[in-house]
Amino acid sequence: MKMSYRWLKYTLATLVSFTAASQMVIAGNKDNLITNPAALEAMGFDSAASNVYVAEGLDPESPFDFSLYASGNPDSQEGLFPTGSTDYSPIMPKSFIGRQDTTGTEWLYSVGGGTELSRLGTERFADAQFWDLPNGGTVEFFRWWWTDNDPNSAMAAMLFEVCQPAFGAGAITFTLVVNSTSTDAANGSTAINIPSRPINTQSCYYLARVRFDAATNLLRLQKVRLQFIHP
């Protein structure tokens, strides 16, 4: 029994060590841990979370700075990415669900001129997953569409890479890849260039999160889309 107990302790210790090392690899060598409680809460996490990262060059505590990213035309396909074909993964508003929705009445999915998403209750965040992304490809642009008719409040859109070890147990890590804030517009849209981040669907999935800073149908999400290149 003593030998079995020592073997079990050794095995568990090895697994814990492997998991910790795997998490460091998953987060990426150039991604930085976010420790500011206010920044964590603004992205929909607990203020004491210790598994949320930010991509290199991105400041989650400031409004989006387009100067951080290379210029380019996100709507042009020919010649923009000569090494691979360009493709898209869109998400419709009805695909988003509240981070928490205990009442079942937190969200409205049909307002305005089409199918749009508005916040009704106290839950500020809604999430949806991007599908059909090719492992080994690269993400290039994040674009989103909105209606912001509220002069006192805004919406924010974020892209997270959510990872765990590919072939073993381990804690979840969140890496903020993109953030953007709405501007006052009846039909607004912006495209954010991503500096060729590799797509890793073996260990990760890609999550769109939208934050509504007021419960009103003056703030409405219309669509989000990820542009990527096939490997």
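The values are calculated or read from the model by the stated rules, or taken from the named source; none is laboratory data. Bear in mind that the values here come from a model prediction, so they are computed numbers and not experimental data. Cβ sites come from the backbone with ideal geometry, for glycine too, and all protein chains shown count toward neighbours. Surface areas here come from the heavy atoms of the whole protein model, side chains and all, with no ligands, DNA or RNA. Shrake-Rupley method; radii C 1.70, N 1.55, O 1.52, S 1.80 Å.
One table, with the values for the structure above:
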read-out	value
Condition broken by residue 228, with the remaining ones in (1) within 22 Å of residue 43 (Cβ to Cβ); (2) in a strand (DSSP E or B) satisfied	(1)
Residue pairs meeting the criteria (Cβ under 7 Å; at least 6 apart or on separate chains; first assigned to a helix (DSSP H, G or I), in the stretch 27-56; second of a type in the set (A, V, I, L, M, F, W, C) and open to solvent by less than 20 Å² (accessible area, probe 1.4 Å))	40/34; 40/52
Residue within the stretch 26-33 that is loosely packed, with under 13 Cβ neighbours inside 10 Å, within 22 Å of residue 135 (Cα to Cα) and at pLDDT 70 or above present	yes
Residue 199 under 24 Å from residue 32 (Cβ atoms) and modelled with pLDDT under 95	no
In the stretch 70-80, the residues that are open to solvent by 70 Å² or more (accessible area, probe 1.4 Å) and either modelled with pLDDT of 70 or more or hydroxyl-bearing (Ser, Thr, Tyr) (or both)	71
Scope the stretch 197-211; condition part of a loop (DSSP other than H, G, I, E, B) and either acidic (Asp, Glu) or buried (at least 21 other Cβ atoms within 10 Å of the Cβ) (or both); matching residues	199
Test: residue 171 is among the small types (Gly, Ala, Ser), in a loop (DSSP other than H, G, I, E, B) and either in contact with a Leu (Cβ under 8 Å, 6 or more places away or on another chain) or over 20 Å from residue 117 (Cβ atoms) (or both)	yes
Residue 108 being under 21 Å from the mean Cα position of the chain (by Cα) and of a type in the set (A, V, I, L, M)	no
Residue count for the stretch 111-120, restricted to those that are under 20 Å from residue 189 (Cα atoms) and open to solvent by 80 Å² or more (accessible area, probe 1.4 Å)	1
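Rundown of residues vs (1) out of contact with any Asp or Glu (no Cβ under 8 Å at 6 or more places or on another chain); (2) modelled with pLDDT under 95; (3) open to solvent by 20 Å² or more (accessible area, probe 1.4 Å); (4) not in a loop (DSSP other than H, G, I, E, B), yes/no style:
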residue: 82; (1), (2), (3), (4): yes, yes, yes, no
residue: 90; (1), (2), (3), (4): yes, no, yes, yes
residue: 101; (1), (2), (3), (4): no, yes, yes, no
residue: 122; (1), (2), (3), (4): no, yes, yes, no
residue: 145; (1), (2), (3), (4): yes, no, yes, yes
residue: 166; (1), (2), (3), (4): yes, yes, yes, no
residue: 183; (1), (2), (3), (4): no, yes, yes, no
residue: 186; (1), (2), (3), (4): yes, yes, yes, yes
